[in-house]
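The values are calculated or read from the model by the stated rules, or taken from the named source; none is laboratory data. Small disclaimer: the values here were computed from a predicted structure and weren't measured. Glycine also receives a Cβ, built like all others from the backbone with ideal geometry; neighbour counts cover every protein chain displayed. These accessible areas exclude ligands, DNA and RNA; they are computed on the full protein's heavy atoms, side chains included. Shrake-Rupley method; radii C 1.70, N 1.55, O 1.52, S 1.80 Å.
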Amino acid sequence: MMRVPQPGCWYRFTPADWQFIGDILALSERNRESLAKLGDDPDAVRSIADEPRLFEALLMSQRAALVSPELFFFVVVRQTLKRIGVQDLEVADYMAVVCADFGVPTNPAADREQEKASLYSVDYLQALESAGSHERFFIHVQCANQFLVLTCLYPSFLHHRAERKGAPDVKFYDGVVMNHLSAAGRHILASEFALHDVLMKLSEAFPPVRRAMNYTLREYLHLGA
């Protein structure tokens with residue numbers, strides 16, 4: 001997880017994604033062609049993510065299994081965050097990229113990377129003590145993203161781990177995510193990566209964001225149950 005998430009989830013939509021979007025939203029073939037050109041227009045992409053029909057299709061249609069994690073999480077996160085008043089498209093985009101990259105590993109290399117990541121926040125604190133200035137930014141981002149994925153997508157894993165091993169539960173990691181997002185947002189590299197506003201806004205909104213994601217996945221998808 002050492003790389004920084006690159007914004008613009010829609011730039012990673014696959015042809016199958018645009019086919020799915022067109023099948024659900026297009027009223028005509030001309031309309032379908034217009035929809036396929038929306039990836040370069042964030043305001044237009046916002047209208048796609050805000051479309052209830054697309055959200056419902058991703059939750060109900062068997063064909064949704066063919067779409068990319070980027071499309072799935074972009075729409076689901078956007079709809080979930082809007083429900084609690086978090087309207088910033090950039091925040092939903094950041095979370096969707098993190099969830100797509102690290103929430104659903106699709107190859108052995110990604111699985112091994114996940115296994116190597118520490119489940120103990122104290123390990124990150126120890127790493128920060130010996131890290132250089134620039135490296136600290138990436139450690140903060142890595143820690144925040146790892147526990148964002150675990151708390152938002154797999155809270156049951158943390159609950160069970162707390163019961164079996166006496167490890168901290170989900171609410172403890174809310175604070176971990178908030179603190180590391182905030183620290184990363186204040187770092188000079190956050191501006192260089194154009195992530196300052198996103199990291200700070202997500203840090204401020206995180207506990208309600210996490211609870212909303214838990215609700216959506218529990219009620220509709222049963223992910224991590």
Query - region 1-43 - residue that is modelled with pLDDT of 80 or more, of a type in the set (S, T, N, Q) and not in a helix (DSSP H, G or I) and, of those, least open to solvent (accessible area, probe 1.4 Å) - result: Thr14
Query raised in the report: Which of the residues that make up region 170-182 are crowded, with 16+ Cβ neighbours inside 10 Å and charged (D, E, K, R)?
Result: Asp174
Requested in this report: Please identify the pairs in which a residue from region 125-154 that is more than 17 Å from Gly175 (Cβ to Cβ) and hydroxyl-bearing (Ser, Thr, Tyr) has its Cβ atom under 6 Å from the Cβ atom of a residue that is at pLDDT below 90 and open to solvent by 10 Å² or more (accessible area, probe 1.4 Å), counting only partners at least 6 apart or on another chain.
Outcome: Tyr154/Gly224
Query raised in the report: Among the helices (runs of 4 or more DSSP H) confined wholly to region 44-155, which include 1 or more residues that are at pLDDT 85 or above and crowded, with 19+ Cβ neighbours inside 10 Å?
Result: 52-60, 69-83, 89-102, 133-153
Query raised in the report: Going by the structure shown, is His196 closer than 17 Å to Gln6 by Cβ and at pLDDT 95 or above?
Result: yes
Query raised in the report: If Gly185 satisfies every condition in (1) open to solvent by less than 20 Å² (accessible area, probe 1.4 Å); (2) within 22 Å of Thr216 (Cα to Cα); (3) in contact with an Asp or Glu (Cβ under 9 Å, 6 or more places away or on another chain) but one, which is the exception?
Result: (2)
Report summary line: For region 40-65, pairs from a residue that is touching a residue at least 12 places away in the same chain (Cβ under 8 Å) to a residue that is open to solvent by 70 Å² or more (accessible area, probe 1.4 Å) and assigned to a helix (DSSP H, G or I), with Cβ under 7 Å and 6 or more apart or across chains, are Leu59/Tyr220
Report task. Could you figure out which of (1) under 20 Å from Gly85 (Cα atoms); (2) open to solvent by 10 Å² or more (accessible area, probe 1.4 Å) isn't true of His160? Result -> (1)
**Report entry** Meets criteria (buried (at least 16 other Cβ atoms within 10 Å of the Cβ) and more than 16 Å from the chain's Cα centre (by Cα)) for Ala194
**Finding:** no
Requested in this report: Tally the residues that are surrounded by fewer than 15 Cβ atoms within 10 Å (Cβ to Cβ) and among the charged types (D, E, K, R), restricting the search to region 198-222.
Outcome: 2
